[in-house]
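Colleague: Please find one structure pasted underneath; my questions will follow.
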Amino acid sequence: MKAKQIVMNILDDAPKPHFVLVPYMAQGHTIPMIDMAHLLAKHGAFVSFITTPENATRIEPTIDRARALNLPIQFVPLKLPCAAVGLPDGCESADKVLDKEQLKRLVDAYGMLHEPLKSYLHAQSNPPSCIISDLCQPWTGDVARELGIPRLMFNGFCAFSSLCRYITHQGKVFANVADGNKLIILPGFPHHIEVSKARSPGNFSYPGFEQFGKKILEEERRADGVVTNSFYELEPLYHEAYQKKIGKKVWSVGPMFLCYNDMSAVTARGDKPSVDEKHCLQWLDSMKPASVLYVSFGSMACTLLSQIEEIAVALEASKSPFLWVIKSDDLASDIDRFMAEGFEERIRGRGLIIQGWAPQAMILSHPSVGGFMTHCGWNSTIEGISSGIPMITWPHCAEQFLNEKLILDTLKIGVSVGAQSVAKRMMEVHEISIVKRDQIEKAVLRLMGEEMDAEERRMRARELKQKAAQAINGGSSYNNVQDLLEYVMTRKI
Ligand code: UDP
């Protein structure tokens with residue numbers, strides 16, 4: 001029987017192919033894997049989504065919705081042995097840890113889920129067909145081998161940044177580079193590209209994480225394939241080159257969040273919004289089409305108060321309507337004093353500030369939003385692309401400087417704010433230099449303005465939005481999910 005036929009038969013009758021998803025516990029890693037669970041379920045799979053009690057509470061609306069709709073997704077909270085590694089109770093995700101020591105303990109605690117995960121899987125009447133786990137959950141490779149099923153790696157990067165990362169880490173390109181700012185030509189990249197160590201994704205190379213970093217690279221080599229939240233038409237050259245370089249299949253199945261039928265499901269997958277969604281929508285409805293600049297730097301990046309002040313002055317001076325998200329971490333600084341000095345009053349009517357968590361995907365999809373000032377995290381980037389919005393790029397750390405290159409040089413849908421500083425979380429701020437108000441204002445005017453280049457950026461962004469929707473609705477990403485199911489079922493049989 002041909003593989004395609006087998007899959008069709010299996011999809012028609014039980015049992016369904018059983019995917020086990022193991023995310024890394026941070027918003028930017030968990031959210032796309034929640035999307036992946038829904039996408040696979042929509043294509044006829046059964047999904048076990050591995051989480052922990054505290055993280056399950058955080059995603060309760062998603063769990064409740066999946067239950068109410070009787071979706072074939074089982075959320076499995078495995079108890080994280082916090083006490084055994086000396087972590088405070090409930091410290092179960094990367095955005096809750098206070099320092100590197102706690103992060104190390106968190107990583108160790110996750111590694112200790114090996115046996116509980118195996119016990120859960122052994123007890124299932126529908127045995128697992130495959131594990132798809134985050135790059136940062138390398139211990140799952142051993143579980144998959146013990147169960148005799150494939151382990152596919154999800155790293156949450158686009159193909160462009162995945163390829164850069166693969167070449168630098170597996171090829172040890174930065175091994176003897178002492179100066180983090182030195183530009184290095186990447187060997188084996190499809191075209192000339194120069195990157196610096198400081199502005200490339202690291203591999204947990206700090207003291208105490210050596211074994212973890214090594215295990216990540218080893219399990220990346222041993223993985224049976226890779227799943228990405230990108231789509232082929234966005235970056236065909238890098239998709240092909242990445243697949244060739246790693247010598248295994250890359251399933252690009254994004255933008256995964258477009259698989260939902262309703263926006264409330266999209267909003268439910270993150271933290272609880274700190275704004276009344278209706279109020280937010282009413283405010284957006286009152287703005288002119290494509291006039292609002294949305295400003296947000298994701299879930300992990302910290303912004304210093306002095307930087308917040310520069311952004312505020314620039315936004316005020318630009319005269320552009322804006323919706324600005326200031327995270328609760330940032331609020332630890334003296335933001336209230338700043339607001340009390342009359343800023344909110346002066347921007348009333350054309351500026352909305354959300355302090356805490358914003359319903360980002362909902363905001364980006366609103367027709368009044370015409371620009372996105374972003375830290376270039378991949379989820380934010382793909383959400384911006386799917387909404388047809390040009391971007392002001394302001395990378396902070398990790399692979400964000402690489403994503404910026406893709407946005408500016410390949411896709412040509414962005415304007416750089418000119419950020420050079422590498423600013424990581426846990427106040428591990430390196431060579432911080434504040435981006436000045438004039439620089440920010442200039443970028444806002446360029447992006448939101450009516451010059452020819454701004455119009456061309458908008459046009460290219462709109463084209464990409466269409467391509468993204470096509471990819472997931474019957475196009476390349478749709479076919480890749482089908483192919484993934486076929487691969488898994490054929491392997492199992
Ligand atoms: N996000 C959100 N509201 C916020 C901040 C972030 O919904 O106030 C979501 C955003 O839509 C994206 C994810 O959190 O899906 C952030 O992931 P990304 O890769 O952009 O950045 P990270 O937070 O990992 O740096």
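Nothing in this text is a laboratory measurement; each read-out follows from the coordinates by a stated rule. Keep in mind that what you see is a predicted model, and the values were worked out from it rather than measured. Every residue, glycine as well, gets a Cβ built from its backbone with ideal geometry; the counts of neighbours run over all protein chains shown.
Colleague: Before we move on, is Ile440 among the β-branched types (Val, Ile, Thr), within 16 Å of the ligand (Cβ to nearest atom) and either buried (at least 16 other Cβ atoms within 10 Å of the Cβ) or under 28 Å from Ile167 (Cβ atoms) (or both)?
Modeller: No, not satisfied.
Colleague: Which of (1) in contact (Cβ under 8 Å) with a residue 60 or more places away in the chain; (2) touching a strand residue (DSSP E or B) at 6+ places or on another chain (Cβ under 9 Å); (3) part of a loop (DSSP other than H, G, I, E, B) is the odd one out, the single condition Cys136 does not satisfy?
Modeller: The failed condition is (2).
Colleague: While we're looking at this one, here's another question. With the condition kept exactly as written, say whether any residue in the stretch 461-482 is in contact with a Gly (Cβ under 6 Å, 6 or more places away or on another chain), charged (D, E, K, R) and surrounded by fewer than 24 Cβ atoms within 10 Å (Cβ to Cβ).
Modeller: Yes, there is a match, as at least one residue in the stretch 461-482 is in contact with a Gly (Cβ under 6 Å, 6 or more places away or on another chain), charged (D, E, K, R) and surrounded by fewer than 24 Cβ atoms within 10 Å (Cβ to Cβ).
Colleague: Now a separate question. Among the residues of the stretch 146-186, which ones are assigned to a helix (DSSP H, G or I) and either out of contact with any strand residue (DSSP E or B) (no Cβ under 8 Å at 6 or more places or on another chain) or free of Cβ contacts under 8 Å to residues at least 60 places away in the same chain (or both)?
Modeller: Glu146, Leu147, Phe160, Ser161, Leu163, Arg165, Tyr166, Ile167, Thr168, His169, Gln170
Colleague: What is the one condition in (1) within 16 Å of the ligand (Cβ to nearest atom); (2) closer than 18 Å to Glu456 by Cα; (3) under 20 Å from the mean Cα position of the chain (by Cα) that Val369 does not satisfy?
Modeller: For Val369, the failing item is (3).
Colleague: Among the residues of the stretch 242-264, which ones are of a type in the set (Gly, Ala, Ser) and surrounded by 20 or more Cβ atoms within 10 Å (Cβ to Cβ)?
Modeller: Ser252, Gly254 - these are the residues of the stretch 242-264 that are of a type in the set (Gly, Ala, Ser) and surrounded by 20 or more Cβ atoms within 10 Å (Cβ to Cβ).
Colleague: Also: Are any residues in the stretch 221-236 more than 16 Å from the ligand (Cβ to nearest atom) and either part of a strand (DSSP E or B) or among the hydroxyl-bearing types (Ser, Thr, Tyr) (or both), and if so, which ones?
Modeller: Gly225, Val226, Tyr232
Colleague: Condition test on Gly356, is it away from the ligand (no atom under 16 Å from the Cβ), among the small types (Gly, Ala, Ser) and surrounded by fewer than 21 Cβ atoms within 10 Å (Cβ to Cβ)?
Modeller: Answer is no for this residue.
Colleague: When you look at Pro53, is it more than 17 Å from the chain's Cα centre (by Cα), surrounded by fewer than 20 Cβ atoms within 10 Å (Cβ to Cβ), more than 23 Å from Leu147 (Cβ to Cβ) and within 16 Å of the ligand (Cβ to nearest atom), yes or no?
Modeller: Here the answer is no, as Pro53 does not meet what is asked.
Colleague: Return the pair list, or none, for Cβ contacts closer than 8 Å from residues in the stretch 399-416 that are among the hydroxyl-bearing types (Ser, Thr, Tyr) to residues that are surrounded by fewer than 21 Cβ atoms within 10 Å (Cβ to Cβ), at least 6 apart or on different chains.
Modeller: So the pair list comes out as Ser416/Leu408.
Colleague: Let me ask another. What's the total number of residues in the stretch 16-25 that are part of a loop (DSSP other than H, G, I, E, B) and over 14 Å from Phe154 (Cα atoms)?
Modeller: 2
Colleague: Can you name every residue in the stretch 392-411 that is farther than 19 Å from Phe231 by Cα and either more than 14 Å from the ligand (Cβ to nearest atom) or not in a loop (DSSP other than H, G, I, E, B) (or both)?
Modeller: Correct list: Ile392, Thr393, Phe401.
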